[in-house]
Ligand code: CA
């Protein structure tokens, strides 16, 4: 059975979806808040997620960004937001498909089958631990000696990419592409500056980094 997480704050709709989806041989868990959804996504390892965007605590788009920080599991957005801008925005942010409410159950089931088939699930460890610091991808937090370290959004994004590929080299071009279009003329400088900032915050000896490693001429690597 495919583990499916339904994130829907409308309790009646969530229950109805769970009943129908279980009848179609999905193993279903329901979250009614975004916070609970992120925790379940990290702990329960669903193979596909149905995500409502209008949630009582944090916006569904933030839940999507949180999941995409460490996982490529298929996410099907289910939303009452009708305009095409929202749809494009959700797909750009990494949603696999978008179904507008109200929807026909047959259509939802068909789209679910497609997104589940399209992506192979990649089990990854959402928490990367080094001797000096810990990167918690679902919670978007980095801690050092038990205390949270404050990072700028760009520093976090860079660390997130490296942590997702922990132990492997990530090329400069790939890093820059994922960081989205800084001025290419300054690319080496740009990455070097942010890596230096991250090392200053996370490495016990920033001048002799043991975890945020430069691969000369190639890129960078987070060494657990
Ligand atoms: Ca809602």
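Along Cα→Cβ, 7 Å out, is where each label goes; now give me the distance between the ones at residue 93 and residue 109 in nm to one decimal.
Between residue 93 and residue 109, the label points sit 3.0 nm apart.
Compute the acute angle (0 to 90°) between the alpha-carbon long axis of helix 34-44 and the principal axis of greatest extent of the alpha-carbon atoms of the chain; round to the nearest 10°.
Once rounded, the angle reads 80 degrees.
Taking 8 Å as the Cα distance limit and 6 or more residues as the minimum spacing, I'd like the relative contact order of region 127-222 as a percentage.
On the way: 113 pairs, mean separation 27.5, N = 96.
The value is 29 percent.
Could you give the length gained by full extension between residue 58 and residue 205, i.e. 0.36 nm per residue of separation minus their alpha carbon distance, to one decimal place?
Numbers: separation 147, 0.36 × 147 = 52.92 nm, distance 3.70 nm.
Extending this stretch completely gives an extra 49.2 nm.
Please state, rounded to one decimal and in Å, the Kirkwood hydrodynamic radius that the chain gives when every pair of distinct Cα atoms enters the mean of 1/r.
Working: mean 1/r = 0.0532 Å⁻¹.
Mean inverse Cα-Cα distance, inverted, gives 18.8 Å.
Per-residue ellipticity at 222 nm for the chain, helices alone: DSSP H runs ≥ 4 residues times -39500 (n - 2.57), over residue total, nearest 500 deg cm²/dmol?
Details: 8 runs with 91 residues, N = 224.
Counting only the DSSP helices, I get -12500 deg cm²/dmol.
Using the alpha carbons of region 1-60, what is the convex hull volume per residue in cubic angstrom, as a whole number?
Considering the Cα atoms of region 1-60, their hull volume per residue is 59 Å³.
Expressed in nm², what is the orientationally averaged projection area of the convex hull enclosing the Cα positions of region 2-119? Walk me through the numbers on the way to the answer.
On the way: hull surface 25.1 nm².
The Cα convex hull of region 2-119, projected and averaged over all directions, gives 6.3 nm².
Relative contact order (percent) for the chain, with alpha-carbon contacts under 8 angstrom and 6 or more residues of separation? Don't skip to the end; give the middle numbers.
Values: 367 pairs, mean separation 31.7, N = 224.
Value for the chain: 14 percent.
Every number in this text was worked out from the coordinates using simple rules, so none of it is lab data. This structure is a prediction, so every number in the text was calculated from the model and none was measured. Virtual Cβ from ideal backbone geometry, glycine too; neighbours counted across all protein chains shown.
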